[in-house]
Amino acid sequence: MSIVAKIQESVVKAVDALYGASVSAESVTLTPTRKEFEGDYTVVVFPYTKAAKKGPAVIGEEMGAYLEKHVPEISAFNVIQGFLNLSLSADYWTGFLQDNMGNDAYGFHGKTGKKIMVEFSSPNTNKPLHLGHIRNILLGWSCSQILEAAGHDVIKVQIINDRGIAICKSMLAWQKFGEGKTPENSGEKGDHLVGDFYVEFEKRFQEEYKAWQATSEANAVYEAQKKEDQDQEEFFKKYKQKYFNEYSKLGAEARDMLLEWEAGKKEVVDLWKQMNGWVYEGFDETYEKLGVSFDQLYYESETYLLGKEMVEKGLQTGTFYQKEDSSVWCDLTDAKLDQKIVLRSDGTSVYITQDIGTAHKRYEEYGADGMVYVVADEQNYHFQVLFEILKRLDEPYADNLHHLSYGMVDLPTGKMKSREGTVVDADDLIAEVVAEAKKAASERGEIVEISQAEQEENIFKIGMAALKYYIIKVSPKKRMTFNPAESVDLQGQTGPYVQNAYVRIKSVLRKALADQVDWAQQKGYNDLKPGEKELLSQLFQYPDTIKEAADNYDPSTIANYAYSLAKEYHKFYHDHSI
């Protein structure tokens, strides 16, 4: 039994023995004592005033005396404004250290038997991974690792958006303006190359659109459709998508290419496979830098027709209904989610249709008890609808679905726009953070004594720690600004600051090994200084911190715990001679 559970059970006995009342162990509020007070754990005694017919301060004194007498691990207590603070003995803390020293699995929970699928990244194949993807990837990867530490079996998946008009824009631009350029003959990373042609399409389209605005045809459209007092510039800013669909030569060619792809035209499909292949190779390089991998890949080109059978099932059970134009809908107004189309009048799917089918397919393949979708908060409504529909379809996993919704990432210079080529590519950002790490290390002169290869390896590790920690430390729900220079600061709440604590710890252990320290002789040591005790107390909280992070799907819980622990170690290292 853990010390927390033991104290809770003892409080139950104390309430019975002292006041003749019955309470449950789960109802006992026990928290780590605040740093400004003496103690390790604090019991909230206010709930027992009615049974005891006494004030909180008196109850605290009586209960403290009872617990000190009946719980050997408790060495002292104090009462502050009705809160009972309990101190655990030095023997307890040194015993805890001895029991767990060298346990590489400390903090990890036993197997729960639950299987959780985590979907993250899910990029489009018309452009490279960018800063927004990095937050998605690091949240998804961290969440999967935390869920595994909490005892769950985890399947890491991504669905790659490899079809649609955006993909055809890149393909068409390469076909018209590429002049046979490939990653091999250009030396450019495949996903960057394809992304360049996506930007090139937008550039050519904007030129075409601007030229069209000066024509009599455009003026006639403006005169016929303008709103009252709307000038031409304002009108054409809002008319761009309609122009693409109805007048643009490039738009027509891109739409024709999409239809040819859907019809299986060999030349188009071959080009699609070739350019997507370039992108996948580029993605893999970026994932390797980030230390990320997946257990299963899904492709929208293989899933976009899924879900139609589920819609038919829903029609039969009354979950969905059909309108006169043959479109199929789900009435979610009772859940305050309005009416939602699940099949168009021509029988084609919408995004929600394939998401319904993909979720079902994944369950058939893996039997997952739950699924976590890591997707930006712009899609909150979509996932509310998806989860509600899956519940109404009686899918067995429907009660264990979670949308890990996260805020967007900005740079100090502002927002990013992929079509205009102002997005910060993931690779460029990684290179920039590593460069900042190199600059900081050079200024401190810390790595001059090791070989060039070791310098590069260490700098890369520092840079990646800076990038990952800076992203993960922010609660997913918050929008954030990423500052590369700030991320490598050794004095702030950063990855390198945590790494520095790790380096110091390893240095102490190496010296202890060199001095052939006999760890068995340390068992009698119980002259714990406050800094030592605080370190042990924080280490003790690690298993509960993992569970909390897993229950809330929030990696920032672990990131902030790591910083707090590193900060306490640095203080201990500074204050106490080893």
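At a glance:
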read-out	value
Residue identified as among the polar types (S, T, N, Q) and modelled with pLDDT under 95 among Gln232, Gln274, Gln213, Gln206	Gln232
Complete set of residues in the stretch 495-522 that are small (Gly, Ala, Ser) and open to solvent by less than 60 Å² (accessible area, probe 1.4 Å)	Gly495, Ala501, Ser507, Ala512
Answer from Tyr406, Tyr381, Tyr363 - the residue that is closer than 30 Å to Asp196 by Cα and at pLDDT 95 or above	Tyr406
Tyr525 being in contact (Cβ under 8 Å) with a residue 40 or more places away in the chain, surrounded by fewer than 16 Cβ atoms within 10 Å (Cβ to Cβ) and aromatic (Phe, Trp, Tyr)	yes
Hits in the stretch 297-312 - residues which are open to solvent by less than 60 Å² (accessible area, probe 1.4 Å) and at negative phi	Tyr298, Tyr299, Glu300, Ser301, Thr303, Tyr304, Leu306, Met310, Val311
Among the residues listed as Val11, Val4, the single one being open to solvent by 30 Å² or more (accessible area, probe 1.4 Å) and either out of contact with any Lys or Arg (no Cβ under 6 Å at 6 or more places or on another chain) or of a type in the set (Asp, Glu) (or both)	Val4
Unmet requirement for Phe37, which otherwise passes all of (1) open to solvent by less than 20 Å² (accessible area, probe 1.4 Å); (2) within 38 Å of the chain's Cα centre (by Cα); (3) under 12 Å from Leu84 (Cβ atoms)	(1)
Within the stretch 231-260, tally of residues that are surrounded by 13 or more Cβ atoms within 10 Å (Cβ to Cβ), in a loop (DSSP other than H, G, I, E, B) and out of contact with any Asp or Glu (no Cβ under 7 Å at 6 or more places or on another chain)	1
Matching option when the condition is open to solvent by 50 Å² or more (accessible area, probe 1.4 Å) and either of a type in the set (S, T, N, Q) or assigned to a loop (DSSP other than H, G, I, E, B) (or both), among Lys127, Lys111	Lys111
2 or more residues in contact with a helix residue (DSSP H, G or I) (Cβ under 6 Å, 6 or more places away or on another chain) and open to solvent by 10 Å² or more (accessible area, probe 1.4 Å): qualifying strands (runs of 3 or more DSSP E) within the stretch 313-398	339-343
Meets criteria (of a type in the set (D, E, K, R) and farther than 30 Å from Met171 by Cα) for Glu312	yes
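The values are calculated or read from the model by the stated rules, or taken from the named source; none is laboratory data. Every value quoted in this text rests on a predicted model; they were computed, and no experiment measured them. Ideal geometry is used to build each Cβ from the backbone, glycine not excepted, and the neighbour counts take in all protein chains shown. Side chains included, ligands, DNA and RNA excluded: accessible areas come from the protein's heavy atoms. Shrake-Rupley method; radii C 1.70, N 1.55, O 1.52, S 1.80 Å.
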